[in-house]
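Below: one structure, written as structure tokens.
The values are calculated or read from the model by the stated rules, or taken from the named source; none is laboratory data. Just so it is clear, the model here is predicted, and its values are computed rather than measured. Cβ atoms come from the backbone with ideal geometry, glycine included; neighbour counts cover every protein chain shown. All accessible areas refer to the heavy atoms of the entire protein, side chains included, with ligands and DNA or RNA removed. Shrake-Rupley method; radii C 1.70, N 1.55, O 1.52, S 1.80 Å.
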Amino acid sequence: MADAPYVTANPFNRSRAALLFLGCAVVLTMLQYAALLPSWLHRLPETMIPPFAAWLDVVFNFIKDDLGLLKLTRFLTSGLENVLDASGNIFFGKRRWPNLGPMPWTAVAGVAAVIGYYLGGWRLAALAGGTFVWTALIGQWKIAMETVSVLVVAAPLAFIIGLSWGIAAWKYEWINKAIKPVLSVLQTLPFFTYLLPAVIFFKVGPTAGAMATIVYAIPPMILMTTLGLQKVSPEVVEAGKMSGCSRFQMLRHVYLPSARSDILVGVNQVIMLCLAMVVLTAFIGMPGLGAKLLAMMGSFKLGRSFEIGITIVLLAVTLDRMSKAWVIKQPVHFEKGTSWLNRHKTLVLAVCLFVGFTLLSKVIPLVGSIGRGQDFSQGRELDRAIKGFLAIDGVQSVTYGIRYVLNVWVLNPFRDFMLSIPTPAVILIIVAFAISLGGRREGIIAGVFFGLVALSGWWDRSIITLYSVLAAVSIAMLIGIPLGVWASRSEKWSRRILIACDTAQTFPSFIYLIPAIMLFGITATAVVGSITIFAMVPLTRYTIEGLRTVPLEMTEAADMAGATRMQKLMNVELPLALPTMAVGFNQAIMFAFFMVIIAAFIGTQDLGQELQRTLAGTDLGKNFVLGICVSLMALTFDVVIMKWATQKKQALGLT
Amino acid sequence: MSSEIPVISCKNVWKVFGADPKAYLAKTPPDRSFDDMREDGYIAGVKDVSLDVHQGEMLVIMGLSGSGKSTLVRCFSRLHEITAGTIEVEGQDIMSLAEKDLIDLRRSKMGMVFQSFGLLPHRSVLDNVAFPLEMRGQDKHTRRERALEVIKLVGLEGREDFFPRELSGGQQQRVGIARSLAIEPDIWFLDEPFSALDPLIRKEMQDEFLRLQQMLNKTIVFITHDFDEALRLADRIAIMKDGAIEQCDTPDKIVLRPATEYVRKFTEDVDKSRVVRAGGLAEVSQTGEGDPVDAGLSVQKMARMLIEDTREFIPVIRKGKPIGAFSRAEALDILLGDQ
Amino acid sequence: MKTMTTALTAGILTLAPLAAFADTNTDSSDPIVIPIHNWSSQIVMSNVVGQILETQGANVEYVTTDSQAVYESVRLGDVTMELEVWEGAFGASYRAAMEKGGIVDAGNHDAVTREDWWYPMWTKDACPGLPSWEALNECAALFATPETGEKGRYLDGPVDWLKHGQERVEALDMNFAVVNAGSAAALWAEIGAAEADKKPIVVFNWTPNFAEAVWPGEFVEFPEWEEGCDTDPAVGPNPDALYDCGNPATGYLKKAAWEGMEEKWPAAFATLQAVSFTNPQIAEMAKLVDVDELEPEEAAEVWLEANPDVWASWVK
């Protein structure tokens, strides 16, 4: 770091420093190729790697047993279990107190439709009612309700915990400062790292599933709460104070209601993250859709897995749309003299439907539940269709060609190249990248983070992880950005592509894996391909968003200056959309780091595979070290790219 | 007109924004200029202000944006903690009040109207107006009754169940006014209440406001950046610049005898004959012959009389009592713009 | 003396019903938790045993768990039993849990397990010398993929299953490259893709397994397993290498239970010890779900109805 003085905000010095680092990296790599580099500079010798995992195990065991945390969490578990049992009884008839359930599917669908209507009119009513009707007809009612029964406990708990922390972080700056980094790590930590502690502390089964879900869903709730409270207009605050509010009254009657929209956006995110965990928590015994999906995939029933995937997407889209409608729903007054019945007609309708269908189900069992053999599952037919598609010669030869070119000429050489670069050279390259895009602070962060990864002892696996992410994001850019540019030309296509993005994002990523393998085999292509699908979503979405929010005056000015379509795009629209697109790029990288762990189920040699292995045991320390490696790499990109986007936005005066 | 104790009395009040204002102010000479302080990294929101507001008086604080007028009024209600000086409300030092007593003071004595209304978006008109009553724990029935009363007073009858976003700007501000009046405050703060409204509505609201004030006769601190509005409404005007008060006087005096160049610039384009009233011109030492005129008449209103009359001094009465006389020539000068 | 006899008789008479009562009803009413994994035979078997226990008045609950992590849960009593302990796949986790204590052996099934290199029947058309491993090695080029070049590809189970495919290829000097799948689902996807145009494929597989019903196939016959093949280089055809023979063709399939089960649910524990399935029975249960597409609980009902004489003897 002798050249630190060069590294200032001045762009010229910044790029010189970056070049210097890059130069060092090239020299090191050349030396390595010439076999002149001492081996301890190529890879850190084993003896120099501190036994982080063992140390962490000691710490965990101390906290778990000596400090009695396990006793505490097991005590909490029994409480949570009672709640889950009760909701389990109501939703799918688990034989527990209060022994009322299960609710008939018709009643649930009816009430859902009424709520949908109340929040967003007929379209939402059809979506909400339709989702539950589909679930029942396709024969997944019980497993869907097993999932829902846990979500209705986990989501509100995540909401309450997130809200409380959000309020605390808003009230006390030191809490805010303390939890910000923790939240960043939590948001980039691979989900496997949540799962193992959840099992150890909260017992395998729905309790662990609920806890892992809650932990996963909390961070955005905290952030949105803090943000919303900070945004409350000072005049409203003063109006509250002048009305003589006490501190609690201020929070209860002024701050929280005024921050309603942001808090509800947080609620929306909580719901979406809870749904994202439906499949993942199945690894630790969460029953329901996820468990069934894994079982179906384990016995190669693609059609049925696909149907479960659709159910999850429908549930996610319904809850997403409903909670978004709730965000923008504003109170409306009733005309004078409106009767009680009219004022509460949705409530009355919902109650009537619920009671009506419940009574009806006593007479006609089909109204209460649809059993196997009565449903409309098309699993077998879908299987046949998929197999038929694969048997077409054209498909096989095309995928074989792609597989050959990508694996043999692109991906494997790229991986081998990355593995051949000496460790310090990789770190230098990353630092150079961070300095040139972010600045000095980002360079230091990148150096420290990747240095820690090197010290973790999982360097080669980390590099393979990184290679998969970079390869996938590059391919995703090649496809996703042009797609976004093209779609942004028309309102209609923008909307369609955005809906496709929503669907692709909520569709359980596991289901991509099987077709990927069937098309490309257990190879790097399948791994990178399935990551690409996932990483493309934010790239396309933010490209569309960035281009469509370019101020109208700018494009009009370009038109009046006589720019052609292409000139306008290259010189006006893309430069202005770039900061927004950078946010999409950042998300793409985050999504890729998420998906690369899932792609371990195809067969990889990266961190994900090692993490998957720890899941079977009780290796908390190792599990944590691996998770942190992923998190550190992801955070480096996050910090650098977000810094760049902010700088760029400021420079363009777009903030 | 003025009672023994002023309703609000502030002495050498400072409000400085920055990293450690108290320490900074302690070691800084009080005559350091606003710009120099900014160089030091501190903003003097209120700079050594001393001011009294009397019972039943309408004091208008006038200044451009950033002049510190809003900050000053927030010091009066301790929405801002002041850095130095004392503020007494009805003889009590508000800086020494415990949180609970401060809340009690606001609940019983103070009302405030805001520029962007500051309404709670999730509450109906009725619930917004009843909000201060709810906060002090009044039961539902009484607070509803009182809220309906003030809603009627501001002319929003029949819209009790509307939500703020369903109302026009002028109507929203009526809600703001109703809310501030709900607890029957003795002191009424209005922070640029009409600035966010378009000109036609603004005029209408000013008239409405004057009507209300005539009925209620409250002690008012009114903030505006609009000099015409200040002249129209004020008993006294305090003109602020860079946190300090340039001049505090009656409209007549300010127009006739601006204390600084800054104040004079404001008065330049004002039609003085509309502003200056007989009462403001009257000198106590003088007496005049013949029929007196009322102190509230503006020079413009007296134009015909001033031209046709021949007396040198014309006697002035307020509420039937003689308060002196003014020089006809001086009044004519104002009328003809020769001053 | 007489009074004493009377008292004793009276005592015995009053106690007798109590004793009888205690005898039949000592099982706790707390739910017996049966773990369920992600393959169908195990799910149906768990449901079958669960329903048998329910006929005895037990309260049964099912919980989905990871098939490796489950031994830790059994040890802690979070789940009560495990019905399929495969020697090859879970032997290590099971033994580790045994050493820590808290888990007990509840006897073996009649069924035996086998896991090894396997191919679907259509492969034999292209390489008729199968199932001999030498014949397989000669056909290696048939199994080549773009990534493996000249060599044939053998698709091994996930690395963490520790199946030593690579070691065996080296020990027997085979012309094969070993690729590890990431999960069982990945194996099935590869077989499913190969099925479309009947491409030859050799993968890791095991029995009893649903795959037998979907894709008929055979295990490759390697030099027969000898004790010590994995520890002593001298054992097996290659004197210098470990793993130079096939896996044992008759591995155990065990039941395990939580230590406290016998005391808490003695009747259920006795039944568990008696339970024993054969390979065809397991295959049949898997078929009900995998081929006939029944839900596991319905499949269990069907199986119990069809085979009353099999399970009647397990219930005392």
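A few comments on the model shown:
- Highest mean packing first, where packing is the average number of other Cβ atoms within 10 Å per residue, the peptides A:529-537, A:50-58 line up as A:529-537, A:50-58.
- Carbon/sulfur fraction of accessible area - the protein assembly as shown, other protein chains in place, 1.4 Å, %: 60
- Chain C: antiparallel DSSP beta bridges as a percent of all, rounded to 5: 55
- C:Asp173-A:Lys362 FRET efficiency (beta carbon distance; Förster radius 56 Å; 0.05 resolution): 0.20
- A:Leu280, A:Leu519, A:Leu341, reordered so the largest accessible area comes first (probe 1.4 Å): A:Leu341, A:Leu519, A:Leu280
- For the range A:247-365, a/c is not less than 1.5, where a ≥ b ≥ c are the root eigenvalues of the C-alpha gyration tensor, and a/b does not top b/c. That puts it in the oblate class.
- Full extension of the segment from A:Trp486 to A:Glu553, taken as 0.36 nm per residue of separation minus the current Cα-Cα distance, would add 22.0 nm.
- The trypsin sites (Lys or Arg not before Pro) of the range A:463-554 that meet both conditions, a loop assignment by DSSP and at most 16 other Cβ atoms within 10 Å of the site Cβ, are A:Arg489.
- Annotation for the range C:32-47 versus the range C:146-217: alpha-carbon center distance of 26 Å.
- Close amide H contacts of B:Ala325 (hydrogens built in the peptide plane, cut-off under 5 Å, sequence separation of 5 or more or a different chain): B:Glu283, B:Gln286, B:Val316.
- Shielding by partners - mean other protein chain Cβ count within 10 Å, residues of C:27-35: 1
- Among C:201-210, C:277-286, the order from most to least packed when residues are scored by Cβ within 10 Å on average: C:201-210, C:277-286
- Rounded to the nearest 10 degrees, the angle from helix A:491-506 to the longest Cα principal axis of chain A is 90 degrees.
- Shape call, chain B: gyration tensor on alpha carbons, a/c limit 1.5: oblate
- Average partner coverage of A:598-605, which counts Cβ from other chains inside 10 Å: 5
- Under 5 Å from the amide H of C:Lys163 lies no amide H of any residue 5 or more positions distant or on a separate chain, with H modelled from the backbone and absent for Pro and chain starts.
- Rg and Dmax of chain A, based on Cα coordinates, read 26.8, 91 Å.
- Rounded to the nearest 100, the interface formed by chains A and C buries 3900 square angstrom of accessible surface, both chains summed, with a 1.4 Å probe.
- Aspartates and glutamates with Cα under 19 Å of A:Lys568, excluding same-chain neighbours fewer than 8 positions away: A:Glu491, A:Glu545, A:Glu553, A:Glu556, A:Asp559
- Bridgeable lysines around B:Lys27 (alpha carbons under 24 Å apart, same-chain partners fewer than 8 residues away excluded): B:Lys11, B:Lys15, B:Lys47, B:Lys241.
- Backbone amide hydrogens, once placed in the peptide plane, bring C:Ile36 within less than 5 Å of C:Val63, C:Thr64, C:Thr65, excluding anything fewer than 5 places away on its chain.
- The range A:48-59 - phi-based ³J(HN,Hα) in whole Hz, Karplus 6.51/-1.76/1.60, Gly and Pro as x: 8, 8, x, x, 4, 4, 5, 4, 4, 4, 4, 4
- Degrees between helix C:40-55 axis and first principal axis of chain C (Cα, 0 to 90, nearest 10): 10
- For the range B:233-297, GluC sites (Glu not before Pro) meeting the loop criterion (DSSP other than H, G, I, E, B) and having at most 15 other Cβ atoms within 10 Å: B:Glu289.
- The accessible-area loss of the range B:108-136 on complex formation, taken against its chain alone with a 1.4 Å probe, reaches 50 Å² or more at B:Phe114, B:His122, B:Phe131, B:Met135.
- Here C:Lys255 is the anchor, and the lysines within straight C-alpha reach of less than 23 Å, apart from those fewer than 8 places off in the same chain, are A:Lys203, C:Lys100, C:Lys163, C:Lys264, C:Lys287, C:Lys316.
- Rounded if a/c under 1.5, otherwise prolate or oblate - the range C:114-219, Cα gyration tensor axes: rounded
- Rounded to 5, percent antiparallel among DSSP beta bridges of the protein assembly as shown: 55
- In chain B, the longest principal axis of the Cα atoms and the axis of helix B:169-181 are about 80 degrees apart.
- Contact residues in the range A:201-240 (at least 20 Å² less accessible area with all protein chains than alone, 1.4 Å probe): A:Lys203, A:Val204, A:Glu235, A:Val236, A:Glu238, A:Ala239.
- Heavy-atom accessible area for B:Asp271, with the other protein chains in place and a 1.4 Å probe, reaches approximately 70 Å².
- Rounded to 5, percent antiparallel among DSSP beta bridges of the range B:184-308: 55
- Number of partner chain Cβ atoms within 10 Å, mean per residue of A:331-338: 4
- With contributions of -39500 (n - 2.57) from each DSSP H run of at least four residues, the per-residue ellipticity at 222 nm computed over the protein assembly as shown stands at -18500 deg cm²/dmol.
- Accessible surface buried at the A:B interface totals approximately 2400 Å², computed with a 1.4 Å probe on protein heavy atoms.
- Label-point separation in nm, B:Ala196 to A:Ile479, each point 7 Å along Cα→Cβ: 4.9
- Averaged over its residues, the protein assembly as shown has an accessible area of 44 Å² per residue, based on protein heavy atoms and a 1.4 Å probe.
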